[in-house]
Amino acid sequence: MCRWIAYKGQPIYLENYVTKAEHSLLHQSLHAEKAKTETNGDGFGIGWYANRAEPGIYREILPAWNDCNLKSLAAQIQSPLFFAHVRASTGTATSRSNCHPFSHQNWMFMHNGQIGGYSKVRRLLERQLDDTCFDARQGTTDSELLFLLAMQEDLKTCPVKALQAVLERVRAAMVDKRVDAPLRFTSCLSNGEKLFGFRCSSDNQAPSLFYRRYENGDIILVSEPIDRQTECWQEVPQDHAICFTDDTMILREMKL
């Protein structure tokens, strides 16, 4: 399973959490502690918002620990909202287009989980993409497919309802193809202003998701904590979505 972090708050350099923290994302790429696989070496990516509505994206197929560009970029890029992801493939090829985060217009998305029996339902689900989203598809992952299906829903009004609708359609496709493997969905989404996290699954075993709120209002949302201050981290409950705006946090039930 993949590891990732998302940050929202005062502009900071990405290196604070991506490369320099005690259990940074770079460290997790080799020594993940709350994942099925300890290493996450099937590529990585960073995405950040700055002075434009659309995010900047950098993705690479090298393992995060083996790319000198990552440390250099993380030391130079400063942002009030950014994503970073290290990938452990669940079956699709290692390529730049399959690395997270994914972006479309002003939205950015990353994911840890799986569509069970993806090869059996992929064609059925891809046929549900409209022409615009189908043309925007660059890779072959279930993660990007979930994101583009969500883009067709009313994300602007309510991302939680939009993702709920997509997951229900995916479950219906899995039932139609008699797939017994679970659908697991722990993910992160942003429009450059709000930060959303999702944690749900069809078997009550969704990948982990934690958040920490700092005294100055900064938020970090992670697949596993980046330090050993365990008392400072809160786990997002199974089958819930969480939303962070500038001054509020909303927790909402989200079941498959």
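Observations
- Dividing the summed -39500 (n - 2.57) terms of all DSSP H runs of n ≥ 4 by the residue count of the chain sets its mean residue ellipticity at 222 nm at -7000 deg cm²/dmol.
- Interchain or long-range residues, amide H under 5 Å from Cys2's placed H: Ala88, Gly113
- Pairs of Lys residues in the chain are counted when their Cα atoms are under 14 angstrom apart and they lie 8 or more places apart or on different chains; the count is 5.
- Listed values for the stretch 109-119 are Karplus-derived 3J(HN,Hα) couplings in whole Hz (6.51 cos²θ - 1.76 cosθ + 1.60, θ = phi - 60°), namely 8, 8, 8, 9, x, 6, 9, x, x, 3, 4, and x replaces Gly and Pro.
- 3J(HN,Hα) along the stretch 199-211: 9, 7, 7, 7, 10, 6, 10, 5, x, 5, 8, 10, 9 Hz, from the Karplus curve 6.51 cos²θ - 1.76 cosθ + 1.60 with θ = phi - 60°, whole Hz, x for Gly and Pro.
- Given in Å, the Rg to one decimal and the Dmax to the nearest whole number for the Cα atoms of the stretch 112-256 are 15.8, 49.
- Solvent exposure of the stretch 89-226 amounts to 42 Å² per residue of accessible area, where only protein heavy atoms count and the probe is 1.4 Å.
- With every protein chain in place, the chain: carbon and sulfur % of accessible area (1.4 Å): 44 percent
- Evaluated at q = 0.09, 0.14 Å⁻¹: base-10 log I(q)/I(0), Debye formula over Cα of the chain: -0.34, -0.89
- Max mean-square fluctuation residue, GNM over the chain, Cα-Cα springs under 10 Å, options Val175, Val86, Val18: Val175
- Exposure ranking of Asp203, Asp176 by accessible area [1.4 Å probe, largest first]: Asp176, Asp203
- For the stretch 91-99, backbone phi angles converted through the Karplus equation (6.51, -1.76, 1.60; θ = phi - 60°) give residue-by-residue couplings of x, 7, 5, 8, 8, 4, 5, 9, 7 Hz, Gly and Pro being listed as x.
- Over the stretch 1-68, accessible surface divided per residue gives 47 Å², non-protein components excluded, 1.4 Å probe.
- Loop exposure criterion: trypsin sites (Lys or Arg not before Pro), DSSP state outside H, G, I, E and B, at most 15 other Cβ atoms within 10 Å. Applied to the chain, the longest stretch between such sites is 53-126.
- Computed over the chain with a Gaussian network model linking Cα atoms closer than 10 Å, the most mobile of Thr39, Thr19, Thr132 is Thr132.
- Under 5 Å from the amide H of Leu183 lie the amide H atoms of Gly116, Ser202, Asp203, each residue being 5 or more positions distant or on a separate chain, with H modelled from the backbone and absent for Pro and chain starts.
- Since only Met151, Met174, Cys133 are under comparison, the one whose Cα sits farthest along the positive direction of the charge dipole of the stretch 126-191, derived from C-beta charges on Lys, Arg, Asp and Glu, is Met174.
- Near Asp246, once Lys and Arg are set to +1 and Asp and Glu to -1 for all other residues with Cβ below 14 Å from its Cβ, the sum equals 0.
- Inter-probe distance in nm under a simple model that places probes 7 Å from Cα toward Cβ, at Asp247 and Gln229: 2.4 nm
The values are calculated or read from the model by the stated rules, or taken from the named source; none is laboratory data. This one's a predicted model, so the numbers in the text were calculated from it and none came from an experiment. Neighbour counts are summed over all protein chains in view; Cβ atoms, including those assigned to glycine, are modelled from backbone coordinates with ideal geometry. Keep in mind that these areas ignore ligands, DNA and RNA; they rest on the heavy atoms of the full protein, side chains included. Shrake-Rupley method; radii C 1.70, N 1.55, O 1.52, S 1.80 Å.
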